[in-house]
């Protein structure tokens with residue numbers, strides 16, 4: 001950083017006498033020949049032309065030389081001004097050097113403060129950008145997990161729709177002009193199941209596309225009056241082929257007067273499908289799966305899905321709802337994990353709860369609750 005120049009200004013006051021010109025020449029020549037890092041500025045002032053300056057500096061005689069600097073002012077008078085300049089010159093230089101050092105130190109302090117301030121601003125900006133980057137990465141990771149969950153859920157309706165269509169295809173006899181071997185009621189049921197599963201697939205694909213384009217991934221909940229009994233029966237019907245393949249028994253024990261809930265039918269269907277699919281998957285051949293419902297209070301309806309599988313260790317029963325958690329038995333397959341994490345999000349989005357009761361080697365029961373909705377003057381209201 002360059003040093004500041006500390007000006008040394010010399011004012012030489014003269015009058016109109018003939019000798020003044022020679023005095024000015026000698027003093028100017030002497031000053032210009034002085035050894036100095038900073039050349040002094042010499043100005044000549046005619047007191048007859050600028051009497052106010054003579055009055056300002058309170059001049060008594062001429063010639064008079066006045067040294068002006070930031071350090072202070074000094075007046076030299078008489079016929080030996082040159083010798084006086086030589087006497088004082090070293091002191092004046094010392095004063096200038098000291099003043100330059102003080103100014104340079106101030107400049108360094110100011111520069112240091114400015115640099116420190118800039119460093120603080122840069123540090124704050126780096127921290128802010130780091131936070132934004134971390135948040136962006138977290139959102140991308142979360143979005144990837146949500147898309148993975150939705151893609152995982154697609155397998156259930158795809159399998160169910162495929163089975164229904166393949167069953168219908170097998171039911172047609174080409175030798176009888178492609179007339180179905182099945183009873184009309186069964187054919188209608190298979191078509192209804194296929195249609196329902198295709199609608200679910202369409203909704204899930206829409207969810208995946210929305211999740212891929214949203215910067216903040218949130219579950220889209222569209223609640224309405226929902227009959228849980230009918231929904232559970234529909235899901236059970238769509239999975240009967242899986243159940244029969246494993247020679248399992250599945251029962252649906254729900255009171256017909258079960259109150260309706262206020263919930264998103266597609267999201268709640270996803271919860272039931274995930275829990276029921278897991279129950280069928282982990283129940284052994286010839287085992288039993290049960291779906292029950294309970295109107296626990298005037299505010300909540302509880303759905304429970306019970307299996308007779310291997311059960312879940314007590315220390316793992318809370319963690320199975322985490323997005324990246326896997327039980328040891330599930331490391332090589334799609335088991336508890338993605339589906340349960342999504343179930344947790346869906347149930348919580350409906351202000352409900354979800355949990356599991358399990359005893360190793362005896363089976364597991366997954367429970368979740370949804371809020372009851374009642375009609376008041378033909379208008380729905382949430383029961384507090």
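Structure data summary
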item	result
Answer from 285, 254 - the residue that is without any contact (Cβ under 8 Å) to a residue 40 or more places away in the chain and closer than 17 Å to residue 367 by Cβ	254
Residue check, residue 44 modelled with pLDDT of 80 or more and not in a helix (DSSP H, G or I)	yes
The lone exception for residue 345 - which of (1) part of a helix (DSSP H, G or I); (2) at pLDDT below 85; (3) surrounded by fewer than 21 Cβ atoms within 10 Å (Cβ to Cβ) it fails	(2)
Single residue of the range 247-277 satisfying the filter (out of contact with any helix residue (DSSP H, G or I) (no Cβ under 7 Å at 6 or more places or on another chain) and surrounded by 15 or more Cβ atoms within 10 Å (Cβ to Cβ)) that is farthest from residue 299 (Cα to Cα)	264
Single condition residue 29 does not satisfy, out of (1) surrounded by fewer than 12 Cβ atoms within 10 Å (Cβ to Cβ); (2) farther than 20 Å from residue 17 by Cα; (3) modelled with pLDDT of 80 or more	(2)
In the range 113-152, the residues that are at pLDDT below 65 and either assigned by TED's automatic domain parsing to the domain that holds residue 343 or in contact with a helix residue (DSSP H, G or I) (Cβ under 7 Å, 6 or more places away or on another chain) (or both)	146, 149, 150, 152
Residue list for the range 58-76, restricted to those being within 24 Å of residue 18 (Cα to Cα), surrounded by fewer than 17 Cβ atoms within 10 Å (Cβ to Cβ) and touching a strand residue (DSSP E or B) at 6+ places or on another chain (Cβ under 8 Å)	60, 61, 75
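The values are calculated or read from the model by the stated rules, or taken from the named source; none is laboratory data. Predicted model, so just to flag it, every value in this text is computed and none were measured. Note that we place each Cβ from the backbone using ideal geometry, even for glycine, and neighbour counts take in every protein chain shown.
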